[in-house]
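The values are calculated or read from the model by the stated rules, or taken from the named source; none is laboratory data. Computed from a prediction, not measured in an experiment: that's the story for all the values here. We place every Cβ from the backbone using ideal geometry, glycine too, and count neighbours over all the protein chains shown.
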Amino acid sequence: MTGAAPQPHPEGLRALPLRWRLSLITAVLIIVALTLSGAAVVALLRNSLIQQVDDQLFSAAQSYANDVSLSPEYVCPSNQAGGSTDSQAAQPTDYFVQVELVNGCDLHVPSTTAADGSEPDIPDLPAPLGRGEEFTVSSTAGPALWRVGSYSLSTPDGLEVGTMVIAVPLASTLDTIANMIKTMVLVGLAVVVAGALAGYAAVQKSLQPLRDIETAAGAVAAGDLSQRAPLQPPTTEVGRLGMSFNAMVAELERAFAERQASAARMSRFVSDASHELRTPLASIRGYGELYRMGAVPPEEVPTTIGRMEDEATRMGGLVNDLLALARLDEGRGLRLGSVDLISIASDAVADLGALDPSRRTQLIADGPVTIHADGDKIRQVVTNLVGNTVQHTPLGTPVEIAVHADGGWAVLEVRDHGPGIAPEDSARVFERFYRPDTSRTRASGGSGLGLAIVATIVAAHGGSVRHEPTPGGGATMVVHLPLAGPPGQHA
């Protein structure tokens, strides 16, 4: 015999409690939001700073151009045509400047702010690029970056006389951007930590109703069906879950109570049935043993045999009643059809008059009442009610049977004017084997199953039966049956 396959354990985030998962999701969302917003801010800052550097390059280029007497007859400071020399008039500056005139004269002003003393690695340009075409290059030595602009030089009358290439180190700009990134990272970390803690606290508070339901579910699983989840607003998911959970537990509690009550009734029923059957069996066996031993005088033999027959008859009736109840409890289908309730009540009145001519019997009806029911079972209901009246009321006690329709219901009442039923026994007379301690005892011939059979048959038809005191004294059994028949049943 092989054991059941082990269930796989959840891994990763699924293994974490919901509050931790929600907190982690909140932290990840904050990190993503801060990363995207930080990248956008850094990009905007870099573009703005680069634009400012480009503006400075263009302004500086115009300033340098004004310092040079731009004319076709311009002579280099070294007085050597085509020579190359540094500008003698140039002062220390942040800019690297290189001017090439059409007459072959070159001016070169190195930057004094490059930390490593390097110069920009400027590629050969076929022509000046102009305003808005600035670009970034690396350094001839070291990791420094330069921003470079290339502009044409012209005389006031528009004659182009040369080209100027001007550059400035981006160290300060890049330092500003790096400081900005560092600050944003530190602030972002603080925001993530604070957001995660705040999110965890908010999730803890939001999930408290779920933990209450979890606690109640654990108690119910342990057997305490009285536990209920705290009520929340029904407009929320947790509120609707709590309401559904409470309804489920209430249904379980009701079903469990019914099961316990049914088990108790069955145990009591078996005990009572055993007791009821034991009594006639003991009598029959006792008389049989006396007869076998010759202890019965010849003149008492007919009486003894009669007693044995009476006990056997009573035991047979009891067995028939038990079988009828067993069939009804099994829910065997009813043979439904059109039943004239007035006709059944009229036959019962006639039978009652024949059993006890001294009784004043009366049928009270205000018109025909036809129901959709099992005719044999309804006739048994009326017979049992009438037999119960005859059995437990003195001779000559008046009896009325009333039949009428009330809405969608047929109402049957069997009234007697005898001693009645005590209030404490009223709710229990329809229990199986129940007999009050007054006149309704085994000596009167009752087994305690007649009214139980009535209640079971009526319930199978979707109706109800109850006891009411008769005005002036006595007992009235009131039966309600649906005119259209049992719900969900067909003929």
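The table for this structure:
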| read-out | value |
| --- | --- |
| Output for segment 338-370, where each listed residue is touching a Gly at 6+ places or on another chain (Cβ under 7 Å) and at pLDDT 90 or above | VAL339 |
| Residues of segment 204-221 that turn out to be in a helix (DSSP H, G or I), within 14 Å of GLY242 (Cα to Cα), in contact (Cβ under 8 Å) with a residue 60 or more places away in the chain and in contact with a Lys or Arg (Cβ under 9 Å, 6 or more places away or on another chain), as a count | 0 |
| Hits in segment 20-63 - residues which are farther than 30 Å from VAL97 by Cβ and of a type in the set (D, E, K, R) | ARG21 |
| Among residues of segment 225-278, those that are closer than 30 Å to MET308 by Cα and surrounded by 14 or more Cβ atoms within 10 Å (Cβ to Cβ), counted | 6 |
| Top-ranked residue in segment 155-175 [being surrounded by 14 or more Cβ atoms within 10 Å (Cβ to Cβ) and of a type outside the set (A, V, I, L, M); ranked as nearest to GLY104 (Cα to Cα)] | GLY162 |
| Where a residue in segment 417-438 is surrounded by fewer than 16 Cβ atoms within 10 Å (Cβ to Cβ) and its partner, wherever it lies, is at pLDDT 80 or above and part of a loop (DSSP other than H, G, I, E, B), with Cβ under 9 Å and at least six apart | ASP437/ALA422; THR438/PRO419; THR438/ILE421; THR438/ALA422 |
| Test: ASP224 is acidic (Asp, Glu) and touching a Pro at 6+ places or on another chain (Cβ under 7 Å) | no |
| ILE305 vs. criteria of a type in the set (A, V, I, L, M, F, W, C), over 50 Å from the mean Cα position of the chain (by Cα) and closer than 27 Å to ILE401 by Cβ | no |
| Of the criteria (1) in contact with a helix residue (DSSP H, G or I) (Cβ under 7 Å, 6 or more places away or on another chain); (2) part of a helix (DSSP H, G or I), which one ALA282 fails | (1) |
| The lone exception for ASN66 - which of (1) farther than 23 Å from ILE50 by Cβ; (2) at pLDDT below 75; (3) part of a loop (DSSP other than H, G, I, E, B) it fails | (3) |
| Of residues in segment 139-154 being over 21 Å from GLN51 (Cβ atoms) and surrounded by 13 or more Cβ atoms within 10 Å (Cβ to Cβ), the one nearest to the chain's Cα centre (by Cα) | SER139 |
| Among residues of segment 174-203, those that are touching a helix residue (DSSP H, G or I) at 6+ places or on another chain (Cβ under 6 Å) and closer than 16 Å to ARG19 by Cα, counted | 5 |
